[in-house]
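> Here it is, the structure, as C-alpha cells.
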Amino acid sequence: MGEKEVSRRDFLGMTLGGVAAVGVGASLVAMKSSWDPLPSVVSAGFTTVDLSSMQDGEYRQVEYRGNPVYIIKKTAEMKKCEDRDVVVGNADYSVGIQICTHLGCIPSYSADTTEFHCACHGGKFDACGKNTFGPPPTPMTIPPFKIDGQKLVLGEEGPEYLKLVNKA
Amino acid sequence: MAEIRKADGIVDWLDQRIAIRPLMKVLMTEYWIPKNINFLWAMGVVLVVLFTLLVVSGLFLLMYYKPDTKLAFDSVNYTIMQEVEYGWLWRHLHAVSASVCFLIIYIHMFVGIYYGSYKKGREMIWITGMLLFVLFSAEAFSGYMLPWGQMSYWAAAVITNLFSAIPVIGPDLVIWIRGNFIVSDATLTRFFMLHVVLLPVIIIAVIVMHFYTLRIPHVNNAYGEEIDFEKEAEKFKAGNKKESKVIPFWPMFLSKDFFVASFFLAILFYLTCYHYSFALDPINFDPADHLKTPPHIYPEWYFLWSYEVLRGFFFSADLGLIAFGIANVIFVLLPWLDRSNVVAPAHKRPAFMVWYWVLIADMIVLTIWGKLPPTGVNAYIGFVASILFLFLLLVALPVITKLEAKKNGQ
Ligand code: FES
C-alpha cells in the first residue's frame, strides 16, 4: 500500500509538472509573439525612387521602412567601388541605409569632402558608404533593391542586388 | 481560531485580528540599529522618500500623459506644462527626483564600499542593492523616452541598437525589442508599460527583499565592529540604554533619519522650483525626428561613466561593448573580488583606501569625458580611463586585498 501511494503521488507530480511545462511554454510563445512587430509593420511598403532627374554628384535621401537611405550619383572623378556601386543606365550610384553601423546614429553627408560623418562617436564613411575611421565596424548596409528602367525599387531583391550581396 | 475578546481600543482590535503588536516589534521597536553610524547611513531612508515622491509625481503625470508618438510630446510640453495647474511641479519634481535619486544611489553604494558593508554575511544586501541599481537604470531609461523629444528618441535608438551586437540573433532581436524596424509607436507604448507598471512593481518587490536581507546580518557600522545584537538588545530592553551599543529603529533611529531627510527635502524642493533645468536636456525640447540625429548625443549624467567605457575603445565597437557589459555587472561581484575578510572602514585599510579614491577619481574622469565630444585627444583620455577602470576592479582589487589578507594571517 505504502509503495502504491508513493507512485500515485509521483503520478500527480508528473501530471502537474507536465501541465505546468505546457502552460509555461505556451505562455512564453504567446508573450514572444505579442511583442513581435505587427504584420502591418512587417509588410510596410516598398519605396520607389526615380533616378532620371539626378545630377552628377547629387546626394539625395529617401525614406525606406522609416530609415533614411542615401543615394549619391557619382561623378567621373569619384572613385568607383566595384563591390558596392549600383549601376543604373550608364551611371554609377552609391546607395545605402544611412545608419551608422556602430550604434545607429544617422551620419551626415558633406558634399565638399564627399564623406559621411557620424556625430555620435566620431565614425567616418567614404562616399561608397565604407567605414574609414572610428568605431563603426562595417560599411553601411545596402538595402534590398530592384532596378526598373530608371527607377530604383527599395524593398525588393532584384538580380543586381543579389549579385552585389554575394560578392561582398 | 483564537478567541476574540471585546477590544479595549483600535490597536487591541487590530492586534487580535492581524497581530499588529508583534509586527510593530519586529519591524520597528525591536529592530536594532547600531549607535555608531553617521548621517551617511541615512541615504537608504532618503531613497525611500525619493522613491515615494517619484511614484506620487508619476501618478499625477500619468493622468495627462498620452503614450502615442503623435501626442506624447505635446501632452508633456503643452498640456502638463501649460494647462494643468501645478503640472510643472509634478514634471519638475519627477525629473529632479529621478536625477537626484541616482546621486543618492551612488552615495549609498560608495558608502557601502568605503565601510566594507558588502562582505562577510552581507553579500545578499549588496546583491539586491546592485539589482535595484540595474532596475532603476532600466526605469530611468524607459521613462526618459516618454516625452518623445530628440534626446529621448536617439537615446532609445542607440540603447536598443546595442543588442544588435549579440551574435546571430542580434539584428532580429533589435527589431523585436522595438516592435518595428525603427524606434516607433510600438516602442513607445511598450516602454510606457515597462515604466509605469512592470518595472515599478518589480522594484518595490526588490526593495522589500533588500530590507529583508538586512534582518539577519544587520546593518554595518562606522568601525566595522562585530556587534552581538541579541546581547546589546537585552541591555537596551533592561533599561541600560547608555551602555547598549544598539538603539531601536523606531522611534530613536528614525528621528535622526527624519532630520537628514527633511534637510534633504528642503534642498530637493529648492532645486525643483528654481534649478530644475539640470534634469532636463535642452535638446529634448525638440520633438523626435527619426531622420535627423542631433549633432552630439549623450546620456544623462548618471550613465556617463559607463557610456564612456562603451565608447572609450574608440577603435573597436566589440571591445567597447564587452567592456561596457563588464562595467555594468562588475560591482555585483565586489564581495568576491575583495579577497580580504577584514570589515573595516577604508581609512583603516591603507592599500584599499588608495584603491578606493583612485576608483572614484577615475569614475569622475569617465563621467566628465563621457559628456565631451569623442574627438582628438578626448578619445585617448577616455580610452586610458576605461582601461584603468577595468584594471582597478578586475586586477588591482583582488591583488591588494589578497595581500591584506596575508598580512592578517588569514
Ligand atoms: S553611432 Fe556612429 S560612431 Fe557610434
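> Have a look at A:SER108, A:THR75, A:PRO135 and report the one farthest towards the positive end of the charge dipole of the stretch A:44-167, computed about the Cα centre with Cβ charges (Lys/Arg +1, Asp/Glu -1).
It is A:PRO135, whose Cα lies furthest towards the positive end.
> Springs between alpha-carbon pairs under 10 angstrom, Gaussian network model over chain B: which of B:LYS371, B:LYS242, B:LYS66 fluctuates most?
Comparing B:LYS371, B:LYS242, B:LYS66 in the GNM, the peak value goes to B:LYS242.
> Residues with amide H under 5 Å of A:THR132's amide H, sequence separation 5 or more or different chain, H placed in the peptide plane at 1.01 Å from N; which?
A:LYS124, A:PHE125, A:ASP126
> Run the reach check for B:LYS407 against lysines, Cα to Cα strictly under 19 Å, same-chain hits fewer than 8 apart removed. What comes back?
The reachable lysines, counting only those whose Cα sits under 19 Å from B:LYS407, are B:LYS119, B:LYS120, B:LYS348.
> Now for a separate question. Considering every Cα-Cα pair within the stretch A:1-85, what fraction, in whole percent, is farther apart than 19 Å?
Distances greater than 19 Å cover 70 percent of the Cα pairs.
> If the cut-off is 23 Å between C-alpha atoms, which lysines fall inside it for B:LYS292, apart from same-chain ones fewer than 8 positions away?
The reachable lysines, counting only those whose Cα sits under 23 Å from B:LYS292, are A:LYS73, A:LYS124, A:LYS130, B:LYS70, B:LYS371.
> Determine, from the Cβ-Cβ distance of B:ASN378 and A:ARG8 and an R0 of 56 Å, the FRET efficiency 1/(1 + (r/R0)^6), rounded to the nearest 0.05.
0.20
> Still on this structure: Could you derive backbone 3J(HN,Hα) for the stretch A:140-156 from the dihedral phi with the Karplus parameters 6.51, -1.76 and 1.60 (θ = phi - 60°), listing whole Hz in sequence and x where the residue is Gly or Pro?
5, 6, 8, x, x, 9, 9, 9, 10, x, 9, 10, 10, 9, 8, x, 10
> Quote the Stokes-Einstein diffusion coefficient, in whole µm² s⁻¹, for the stretch B:255-366, based on the Kirkwood radius over alpha carbon pairs, a temperature of 10 °C and a viscosity of 1.306 mPa s.
It diffuses with D of about 87 µm²/s by this estimate.
> Further question on the same structure: Once you've got the GNM for chain A with C-alpha springs shorter than 10 Å, pick whichever of A:SER110, A:SER34, A:SER53 has the biggest mean-square fluctuation.
Top of the fluctuation ranking is A:SER34.
> Dipole size in debye (nearest 20) for the stretch A:44-167 around its Cα centre, Lys and Arg Cβ +1, Asp and Glu Cβ -1?
About 240 debye.
> How many nm separate the modelled label positions at B:VAL354 and B:LEU89, each set 7 Å beyond the Cα in the direction of the Cβ?
Each label point is offset 7 Å from its Cα along the Cβ direction, giving 5.3 nm.
> Looking at the stretch B:229-259, which GluC sites (Glu not before Pro) are DSSP coil and have at most 10 other C-beta atoms within 10 Å of their C-beta?
When the GluC sites (Glu not before Pro) of the stretch B:229-259 are filtered for loop state and at most 10 Cβ neighbours within 10 Å, B:GLU243 remain.
> Sticking with this structure for a sec: Taking R0 as 22 Å, what's the FRET efficiency between B:ASP12 and B:LYS231 from their Cβ-Cβ distance, rounded to 0.05?
0.10
> Shape verdict for the stretch B:1-73, please, from the Cα gyration tensor: rounded (a/c under 1.5), prolate (a/b greater than b/c) or oblate.
Oblate is the answer for the stretch B:1-73, as a/c is 1.5 or above yet b/c matches or exceeds a/b.
> Note down the magnitude of the dipole of chain B about its Cα centre, charges +1 on Lys and Arg C-beta and -1 on Asp and Glu C-beta and zero elsewhere, to the nearest 20 debye.
The calculated dipole for chain B is roughly 1160 debye.
> Can you tell me the relative contact order of the stretch A:11-71? Whole percent, Cα pairs under 8 Å, sequence separation 6 or more.
The value is 20 percent.
> OK, next. From the helices alone, meaning DSSP H stretches of at least four residues, give me the mean residue ellipticity at 222 nm for chain B, per-run term -39500 (n - 2.57), in deg cm²/dmol to the nearest 500.
-18500 deg cm²/dmol
> Can you list residues from other chains, or at least 5 along the same chain, whose modelled amide H is less than 5 Å from the amide H of A:ASP92?
A:LYS74
> Beyond 26 Å, what share of the Cα-Cα pairs of chain A is found? Please give it as a whole percent.
Within chain A, distances greater than 26 Å cover 45 percent of Cα pairs.
> Which ³J(HN,Hα) values, rounded to whole Hz and listed in residue order, are derived for the stretch B:97-111 from phi using the Karplus coefficients 6.51, -1.76 and 1.60 in 6.51 cos²θ - 1.76 cosθ + 1.60 with θ = phi - 60°, glycine and proline given as x?
4, 4, 5, 5, 3, 5, 4, 5, 4, 4, 4, 3, 5, 6, 5
> Can you figure out the FRET efficiency of B:VAL134 with B:GLU30, using R₀ = 30 Å and their beta-carbon distance, to the nearest 0.05?
After rounding to 0.05, the efficiency reads 0.35.
> So how much slack lies between B:HIS296 and B:THR189, counting 0.36 nm per residue of separation and subtracting their Cα-Cα distance, in nm?
35.9 nm
> What is the magnitude of the charge dipole of the protein assembly as shown about its Cα centre, with +1 placed on the Cβ of each Lys and Arg, -1 on the Cβ of each Asp and Glu, and no other charges, expressed in debye to the nearest 20?
My answer is approximately 1820 debye.
> How big is the convex hull of the Cα atoms of chain B, per residue, in Å³?
It comes to 199 Å³ per residue, whole-number rounded.
> How fast does the stretch A:86-168 diffuse by Stokes-Einstein, in µm²/s, taking the Kirkwood radius from C-alpha pairs at 25 °C and 0.890 mPa s?
Using the Kirkwood radius from Cα pairs, D works out to 182 µm²/s.
> Ok, one more. List the residues, sorted by chain then number, that are 5 or more residues from B:ARG339 or on another chain and whose placed amide H is less than 5 Å from its amide H.
B:THR401, B:LYS402
> A further question on this structure: Considering the zone a paramagnetic label at B:SER255 would reach in this model (a point 7 Å from Cα along the Cα-to-Cβ line), which residues of the stretch B:205-244 have amide N under 18 Å from it?
The answer is B:236-244.
> So, one more: Could you identify which residue out of A:CYS81, A:CYS128, A:CYS100 has the top mean-square fluctuation in a GNM of chain A using Cα springs shorter than 10 Å?
Its mean-square fluctuation being the largest, the pick is A:CYS81.
> Read phi for every residue in the stretch A:87-101 and hand back ³J(HN,Hα) as whole Hz from Karplus 6.51 cos²θ - 1.76 cosθ + 1.60, θ = phi - 60°, with x for Gly and Pro.
Per-residue couplings from phi come out as 9, 10, x, 10, 10, 9, 10, 9, 10, x, 6, 7, 10, 4, 6 Hz.
> Summarise the long-distance tail of P(r) for the protein assembly as shown by giving the % of C-alpha pairs beyond 38 Å.
That tail contains 46 percent of the Cα-Cα pairs.
> Given the options B:LEU23, B:ILE203, B:ILE166, identify the residue whose Cα lies farthest towards the positive end of the charge dipole of the protein assembly as shown (+1 on Cβ of Lys, Arg; -1 on Cβ of Asp, Glu).
Sorting the options by dipole projection puts first B:LEU23.
> Moving on. So for the protein assembly as shown, taking the charge dipole from beta-carbon charges (+1 Lys/Arg, -1 Asp/Glu), which of B:PHE249, B:LEU61, B:SER75 sits furthest toward the positive end?
Projecting each Cα onto the dipole axis, the largest value belongs to B:PHE249.
All of the numbers you see were taken from the coordinates with simple rules; none came from a lab. What you see is a predicted model; the values in this text were computed from it and never measured. When we count neighbours, we look across all protein chains shown, and the Cβ atoms used for this are built from the backbone with ideal geometry, even at glycine.
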